[in-house]
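Let me begin by presenting the structure, written as structure tokens, before commenting on it.
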Amino acid sequence: MENDRRIGVYICHCGTNIAGTVDIEELTEYARHLPGVVVVRDYKFVCSEPGQNLIKEDIRELGLNRVVVAACSPRMHEPTFRRAVAQAGLNPYLLQIANIREQCSWVHEDGNTDKAKALVNAAAQKAYYLEPRDTREVPVNPSVLVIGGGIAGIQAALKIADATHKVYLVEREPSIGGRMIQLDKTFPTLDCSSCILTPKMASVASHPFVELMTYSEVVDVSGYVGNFRVKIRRNPRYVDESICTGCGICIQKCPWKTDSEFDMGLGKRKAIYTPFPQAVPNIPVIDTETCVYFKKGTCRACELFCEPKAIDFQQTERFEEIEVGAIIVATGYDVFDPSPIYQYGYKRLDNVVTSLEFERMCSATGPTGGEVVLKSGEAPTSVAIIHCVGSRDQNYFEYCSRVCCMYALKFAHLVKEKTEADVYQIYMDMRAYGKGFEEFYRRVSDEGVNFVRGKVAEITDQALTDEERGKLIVACEDTLLGRLVRIPVDMVVLCPAMKARADAAEMARLMNISRGADGFFLERHPKLEPISTNTDGVFVVGCAQGPKDIPDTVAQASAGAAEALALIDAGKVEVEAITAAVNEELCSGCKVCIGLCPYNAITFSEEKKVVEISDVLCKGCGVCVAACPAGAIIGRHFTDTQIFAEIEGILADARPPVAAI
Amino acid sequence: MRSPNGEPRIVGFLCNWCAYQGADLAGTSRMHYPANVRVVRVMCTGRIDPTFVLKAFAEGADGVLVAGCHAGDCHYKEGNYKTMRRVALLRKMLDQMGIEPERFRLEWVSAGEGAKWAKVVKEMTAELQALGPLAWWENVREA
Amino acid sequence: MQVQALALRRNSVDTDGPMVTQVLNPYKEAVDIVKELGGDDLKLCYQCGLCSGLCPWNLVKNFIVRKLIHQVQLGLVDFESDELWMCATCGACVQRCPRGVNIIDIMKALRRTVVELGIAPIPDSMRITLKNVSGTGNPWGEPTERRAKWSEGLNIKTFSAGTEFLYYPCCLICYDPSVTRMGRALTTVLQKAGVDFGILGAQEACCGESVRKAGNEELFQSLVEGNTGVWRANGVKKILVSSPHCYYTLKNEYPLAEQGIEVLHTTELLAKLIREGKLKLTKPIEKKVAYHDPCYLGRHSDIYDEPREILGSIPGLELIELPGNHADSLCCGGGGGRIWMESKVGERFAEVRTQQAIDAGAEVVAVACPYCLLCFESCVQPGMIERAPEIKAIEELVAEAM
């Protein structure tokens, strides 16, 4: 009989997570009296196998046709319990979760049991009206899009390509390599960054399963898990990629120079350029702001000297559409520009540099040929390295940027190696948590570095004494001495915070994913789903998700590849079953809903004079349901009846003595 | 029956993608806030029919809190804009019914804003405590 | 290398006697009291020492703010220490604290603990000042009736309902002969500009800003009640103040907004009058003038532009900036009740600031706060500093330029 509701309620203790602040016995007793409830059980961990078996056995033996689980958030274990009830032969959509952990036992100091009762009541009332839904499966496109060609994107792309799946790797800059290729040495092993990265970059370029799109940006994403359509803008290089041999004669002959972005403005590059010598692809681009042809229509030296005739001033941006099953976002981070911290003098005082500038200075291919030098060209006799510039500071970025302590130690080592200078590390706490980090800390300490614990108040060139004259003075409290100190040095290296990309908000919108309070992309679960996002099929890896070092980035990127492979290798994916449907008898054909649907899923049938909703296009937001003046659209799994029942349940202990009209 | 301690009851309608996750984050971060709020999860605030809000008041709620994604962050592109428009009308209706404006609140809480969720609930609970129960039935005259 | 090592050795810490291990047994009750009295933020401090590095005291003598906070965190603070009374509440540390700790609140809470619980002596000068404010409504114990004496001969009317502005002068303007000129100059300016204002003289008392910072919350509340009652009874709608300390306190700590009473600083009004053409500055002042941002007008109240706008509209005047300006201004040393306490010559922030003004080539230092005026005046007494700049209130410069 259709109306014979047989509801089972399962209350989880979650160890003491729930049982510690909710009276389970009282809750269990309360649930027994709810309409349609035939069995109530409590268990230490309902999500465990014996816990799930309780539910399965009851479905089989007691003939349950609705299940309520009062436990953690549905965002945690709804899939687990849906699988469990399905295994016992019940439609998975006949399950309702009461979230009595994240939104009850963990957050309230009192009233927990009363609230848990209300939540269980609401879940049971809603369960009463739940309807079965068929899950739908669609085929998955076996290609993957990786956005961002830094170490994270490179690693993810190579892993997927090695598994013989097509990968599109899209990079905004003219070359892949990202931040890592700008670095000189990497901590704690001190291996040369480009030595370990360039082979990987070369593999990307030559891999038969990688289609590399540099100087390109993703501009639109539509579709859904397994079937994304992505529009990519190919910015004009003004160099024909198919003809260019990468000989570099154009760069040699170009007479126009500007600051090199790659060298953080410390060196120059030409108007036609590759950002660095080992660029992949080794095809130059023309910067239209510097090129005199684009400014005045003259010069054309590059064109004249290019033997294969690859220069093409007429190139325009092109748009390409690709279809992929999964997307990996590996867009990296920006470095905080410390000039707003006026007292640190960045961009105001000579020889106050940021970490990336210092990296370029140390690099053999950098603007100083690997020499650590002052603006005057002389070697410094003392260098101060300032930690936590903008990090761990609620006036800027509250989080720890995680890599600064170690690269600051690396800098100390490099200064010692390249110069005779004394080095001061000015730190608040030394964080040496990674593999080999503490050992590295000891090694650098052994090299004779001065450690001063404190947060720098000011960097100034205003000398108070003779020994300070001509120096930069770093003023702070040495908190271990309990004294104010002034440290005269020749050079100051600031370690600025790693921050979310300036356009992270746009990217989040494009990908339909969320960002955390820190601005970085938000993973679905901080511990158990650190790579998945709110949107199925979109994964986030590397520093786009939060500051991390190279080993962690590589590990996460590999994990991202595994996630994407797991999705596409299955060949098919379950898609949203919670969609809207039209009751044709009630539809008046007013078409109000059509304009509201963000996915163009609603069409008007001229023949029937009613609207129709495409089950494939509908994503189940319910905006049409709420708007339909005739109440003709049903929001499956969130019907008016179900939600009304839930409201009644949630307010069961507040019910008015008389009914509203 | 009113709750024994006369505490206000707040029904929260939260979208699945931002506000509900924000509330979950408040949980995983063990932020404390009053138990007065009870949440009904919907996929998008765009699903919230004004009748849900009225139903909640009719069933004895002292306040209703609708929370969804920030402008531009809607998982379904623009459901929250539709909510904004709908809520403007709803507020007028509530006003005509004599329901104080403090009893209905629309907030944007992202998945990363657990602290904001806790703060909003704290604030609204305090406001409703100051306002006292809605108890509309005590003001309904016999026809 | 050698030289630096020597420098470091010179700066090394002095130990007071032999080192003895201390049993760490946090005095929880003390911590709880300080937290309860407003110092709750101290839990957040992670001991980076930025506050010490920013504190102006360290320009003249040692004051390790961080260490004091750590002592309070463990309840091991010496309540009899002079350090409790050093903070001038300038806010330089609060503004940049990476953990958002309101260090001023902690200092206030420590002083409240001393004042309310009587667990340590209050420094004499402060104790007497508090007693005077309590007795006669001003820090010197001068007769209340003489509160309007500063305005003798100026024909200022007594405020009555309908008068546009109530001018509420700082106690320093009312009683201190070297600061009175600030109020007198303002009167000249307002009268020429045709501004309708009056005073309430002896009906009023000190705003209590320093009293509260000195930890006497009870006295502060009674001053709030008294003054607010007087203003309400007289139908006051707009209060004009010369002191940024009055300004901050009236605006943030008095219940005036809810009574529809507006508070304006003189620089706000003067800038507005100039903008509206009601105040015409025509007489040139051919001088290099440095404007010194008062802590309570700048950092605490975010008013930086109006004073510069006023000075900028004086013909011939060359406005220069001191090395620390706007939010980075150096405190004169008068806040937090310090104005009532003795700071030794050689240990006054205003001396450092005056030297900065001299180095910057300033002929005049323009101030917008009675405390600043008094602190600077006490540093440029004849014979103290060579080439000392003149110290002028903005009101005086405006009066001269009319």
Calculated from DSSP helices alone, with each H run of at least 4 adding -39500 (n - 2.57) and the total divided by the residues of chain A, [θ]222 nm to the nearest 500 comes to -8000 deg cm²/dmol
When the Kirkwood hydrodynamic radius is evaluated over all pairs of different C-alpha atoms of chain A, what value in angstrom, to one decimal, is obtained?
-> 29.1 Å
Candidate residues A:ASP287, A:ASP191: accessible-area rank, largest first, probe 1.4 Å | A:ASP191, A:ASP287
Per the helix-only model, chain C has a calculated mean residue ellipticity at 222 nm (DSSP H runs of ≥4, -39500 (n - 2.57) each, divided over all residues, rounded to the nearest 500) of -11500 deg cm²/dmol
Tally Lys/Arg at +1 and Asp/Glu at -1 over every other residue whose Cβ is under 15 Å from the Cβ of C:GLY383; what's the total?
-> -2
Spin-label proximity, A:ASP518 to the range A:331-354 - amide N less than 19 Å from point 7 Å beyond Cα toward beta carbon = A:331-338
Residues with beta-carbon under 10 Å from that of A:VAL225, excluding A:VAL225: net charge, scoring Lys, Arg +1 and Asp, Glu -1?
-> -3
Which length gain, in nm to one decimal place, applies between A:ASN282 and A:ARG655 when the Cα-Cα distance is subtracted from 0.36 nm times their residue separation?
-> 127.0 nm
Under 19 Å from the Cα of B:LYS77, which lysines turn up, not counting those fewer than eight places away in the same chain?
-> A:LYS231, A:LYS619
With r defined as the distance between the Cβ atoms of A:ASP569 and A:PHE209 and R0 fixed at 22 Å, what FRET efficiency is calculated, to the nearest 0.05?
-> 0.95
Let a ≥ b ≥ c be the square roots of the eigenvalues of the Cα gyration tensor of chain B; is it rounded (a/c under 1.5), or, if not, prolate (a/b larger than b/c) or oblate?
-> oblate
Interface B/A, total buried accessible area with a 1.4 Å probe, nearest 100 Å²?
-> 5100 Å²
Accessible surface, per residue, of the range A:187-243 when the full set of protein chains is kept, probe 1.4 Å, Å² = 41 Å²
Between A:LEU480 and B:ARG30, the FRET efficiency computed from the C-beta separation at R0 = 45 Å comes out, to the nearest 0.05, as 0.85
Distance-filtered residues of the range A:453-483 - backbone nitrogen under 19 Å, label point 7 angstrom along C:LEU24 Cα→Cβ | A:453-454, A:479-483
Checking rank on A:543-556, A:199-212, with mean other Cβ inside 10 Å and highest first, the result is A:543-556, A:199-212
13 Å beta-carbon shell around A:SER558, net charge (K/R +1, D/E -1) | -1
Answer rounded, prolate or oblate for the protein assembly as shown, using the Cα gyration tensor with square roots of eigenvalues a ≥ b ≥ c: rounded when a/c is under 1.5, else prolate when a/b is larger than b/c, else oblate.
-> oblate
Within 10 Å of the Cβ of an average residue in A:479-492, the count of other chain Cβ atoms is 4
A chain fully extended from A:LYS231 to A:GLU29 at 0.36 nm per residue, minus the present Cα-Cα distance, gains in nm 67.1 nm
Within chain A, percent of DSSP bridges classed antiparallel, to nearest 5 | 50 percent
Can you give the accessible area of C:ILE339, probe radius 1.4 Å, in Å² rounded to 10?
-> 30 Å²
Looks like the range A:1-117, by Cα gyration tensor root eigenvalues a ≥ b ≥ c and the a/c under 1.5 rounded cutoff (else prolate when a/b is bigger than b/c, oblate otherwise), is prolate
On a 0 to 90° scale, report how tilted helix C:103-117 is relative to the longest principal axis of chain C, with both axes built from alpha carbons and the result rounded to the nearest 10.
-> 80 degrees
With contacts defined as alpha carbon pairs under 8 Å and 6 or more residues apart, what's the relative contact order of the range A:2-133 in percent?
-> 31 percent
Accessible area buried, both sides summed, chains C and A with 1.4 Å probe, Å² = 2200 Å²
Using a 1.4 Å probe and ignoring any ligands, DNA or RNA, find the accessible area of A:ARG348 and quote it in Å² to the nearest 10.
-> 110 Å²
First measure r as the distance between the Cβ atoms of A:SER242 and B:LYS119, then evaluate 1/(1 + (r/R0)^6) with R0 = 45 Å and state the FRET efficiency to the nearest 0.05.
-> 0.20
Note, the range A:174-185: 3J(HN,Hα) by Karplus (6.51, -1.76, 1.60, θ = phi - 60°), whole Hz, Gly/Pro = x, goes x, 10, 7, x, x, 5, 4, 6, 7, 7, 8, 10
Descending principal axes extents, the range C:251-402, alpha-carbon based, whole Å | 46, 39, 23
Output the peptides C:371-383, A:431-443 sorted from most to least packed, where packing is the average of other Cβ atoms within 10 Å over each peptide's residues.
-> C:371-383, A:431-443
What part of the accessible area of the range C:283-402, given as a whole %, is carbon or sulfur when the probe is 1.4 angstrom?
-> 48 percent
Once label points are set 7 Å from the Cα along Cα→Cβ at both A:ASP220 and A:ALA562, what is their separation, rounded to one decimal in nm?
-> 3.7 nm
How long is the gain from C:THR144 to C:ALA161 if the chain were fully straight, where each residue apart is worth 0.36 nm and the alpha carbon distance is subtracted?
-> 3.9 nm
Cα centroid separation - the range C:361-399 against the range C:110-183, whole Å = 22 Å
Can you give the average number of partner chain beta-carbon atoms within 10 Å of each beta-carbon in peptide B:46-53, as a whole number?
-> 6
Reachable aspartates and glutamates from A:LYS159, Cα under 15 Å, same-chain residues fewer than 8 places away excluded?
-> A:GLU211, A:GLU563, A:ASP569
For the range A:614-638 the residues that are at least 40 Å² less accessible with all protein chains than alone, 1.4 Å probe, are A:CYS621, A:VAL623, A:ALA626, A:PHE638
Spin-label pair C:LYS192/A:TYR342, simplified geometry with 7 Å Cα→Cβ offset, distance in nm = 3.2 nm
When N is the residue count of the range A:577-636, what does its C-alpha Rg come to as a fraction of 2.2 N^0.38 Å?
-> 0.96
For A:THR258, tell me the accessible area in Å² from a 1.4 Å probe, rounded to the nearest 10.
-> 40 Å²
Shielding of A:112-118 by other chains, given as the mean Cβ count within 10 Å, works out to 3
Anything losing 50 Å² or more of accessible area from the isolated chain to the full protein assembly: pick those residues out of the range A:74-102, probe 1.4 Å, ligands and DNA/RNA ignored.
-> A:ARG75
Cα gyration tensor of the range A:8-54 diagonalised, 5x eigenvalues square-rooted, in angstrom largest first, produces semi-axes 18, 15, 5
Proximal lysines to C:LYS251, defined as alpha-carbon separation beneath 23 angstrom and excluding residues fewer than eight positions away on the same chain = C:LYS108, C:LYS213, C:LYS237, C:LYS238, C:LYS272
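The values are calculated or read from the model by the stated rules, or taken from the named source; none is laboratory data. These numbers come from a predicted model, not from an experiment. Cβ: placed from backbone, ideal geometry, glycine included. Neighbour counts: every protein chain shown. Quick note on the areas: whole protein, heavy atoms, side chains included, nothing else; ligands and nucleic acids left out. Shrake-Rupley method; radii C 1.70, N 1.55, O 1.52, S 1.80 Å.
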